[in-house]
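Encoded as structure tokens, the structure appears first; notes follow it.
We did not get these values from a lab; they are worked out from the coordinates using the rules stated. Predicted, not measured: the structure shown is a model, and the values here were computed from it. Cβ atoms come from the backbone with ideal geometry, glycine included; neighbour counts cover every protein chain shown.
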Amino acid sequence: MTEQARSNLRRKKLFLFDIDGTLAVGDTLYEGSAKLLDYIEEIGGKAYYITNNSTRSGADYVEKFRRAFHLETTEDQFITSGHMTVRFLLEHYADKKIFVLGTRSFIKELRRNGLHITEQAEDGIDCAVAAYDSELTYEKLVRICQVLSAGNVPFYATNPDLRCPSDFGFIPDCGAICGMITASTGIEPTYLGKPDRQVVDLCLERSGFTREETLVVGDRLYTDIACGINGQVDTCVVFTGEAKPEDMADTPYPADYAFDNIKELLMHCTEAL
């Protein structure tokens with residue numbers, strides 16, 4: 001690493017972390033993650049968690065971090081694709097009827113925010129939304145295809161991720177679910193979570209840090225790193241999830257930093273002091 005790169009790391013105060021495949025997998029926190037979060041606190045920085053997993057609310061993540069990782073967080077630190085979807089729908093469809101394919105928890109969160117949600121293929125639907133759904137059934141897929149095929153209904157989705165890390169490998173994510181829907185209807189969704197730059201903009205607004213002080217850290221190039229690039233901040237990929245070192249040779253989303261894991265990122269951050 002060049003001296004310029006080390007100097008650049010020294011200025012980072014706001015860290016925007018992906019979770020699954022970056023800091024942890026399932027209920028297992030990767031080695032170095034807790035110490036990196038301690039380092040950020042010691043330098044007067046701030047950590048936000050920008051995840052495309054819409055199955056959990058911010059409150060759910062606070063509880064998971066406490067239970068599984070023994071880490072204390074606050075709800076406003078979690079910027080989920082579900083949260084970004086709520087913001088978008090409140091702005092554009094506050095008084096409209098919205099069809100949603102998603103988990104019970106996700107639908108409950110939408111309704112808690114006052115949105116008019118239906119899970120039935122019925123008349124008067126103004127838009128359709130698909131999310132990562134760990135409770136997915138074939139009947140749900142049939143219903144959203146009915147809705148999209150019935151008329152000119154805008155189609156949105158929480159995130160384009162094709163696969164989600166698990167403790168044994170990967171499982172289908174929202175992008176893969178939407179692939180089935182698009183293959184059946186010919187209609188592609190507009191995605192609302194990462195890599196949209198608004199994720200970065202919201203974290204900057206909440207934290208008060210500058211773009212120069214910010215680093216996006218993730219394991220996926222086309223969502224995590226692309227989000228940082230779109231938000232005009234520096235990026236760091238770790239090879240503990242989907243991206244592999246060989247992917248860096250030919251990608252439209254080159255990261256500014258690349259490390260094998262979070263522990264290695266921590267080592268370079270502390271060496272930069």
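Values for this structure:
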| item | result |
| --- | --- |
| Residues Glu135, Glu246 arranged by fewest to most Cβ contacts within 10 Å | Glu246, Glu135 |
| Cα lying deepest toward the dipole's positive end in segment 165-273, options Cys269, Thr185, Met248, charges on Cβ | Thr185 |
| Test item: Cα-centred dipole of the chain, Lys/Arg +1 and Asp/Glu -1 on Cβ, debye | 480 debye |
| Volume per residue that the Cα convex hull of segment 94-191 spans, once the total is divided by residue count, Å³ | 96 Å³ |
| Counting all C-alpha pairs of the chain, share separated by more than 23 Å (%) | 52 percent |
| Residues whose placed amide H lies under 5 Å from that of Val25, excluding near-sequence neighbours | Tyr30 |
| Helical mean residue ellipticity (222 nm; -39500 (n - 2.57) per DSSP H run of 4+; nearest 500) of the chain | -11000 deg cm²/dmol |
| All-pairs Cα distance distribution in segment 127-264, expressed in whole percent, bin size 10 Å | 11, 35, 32, 19, 4, 0 |
| The chain: angle of helix 138-150 to the longest principal axis, Cα-based, in degrees nearest 10 | 70 degrees |
| Dimensionless Rg ratio for segment 151-206, taking C-alpha atoms and the 2.2 N^0.38 Å reference | 1.37 |
| Largest-first principal axis extents, alpha carbons of segment 1-130, Å | 61, 32, 22 |
| Electrostatic dipole magnitude of segment 134-264 [Cβ: Lys, Arg +1; Asp, Glu -1; Cα centre; debye, to 20] | 520 debye |
| Residues Met1, Met248 arranged by fewest to most Cβ contacts within 10 Å | Met1, Met248 |
| Span from the segment 176-247 Cα centroid across to the segment 63-86 one, whole angstrom | 17 Å |
| Nonlocal amide H pairs with Thr235, under 5 Å, H built at 1.01 Å | Val216, Asp256, Tyr257 |
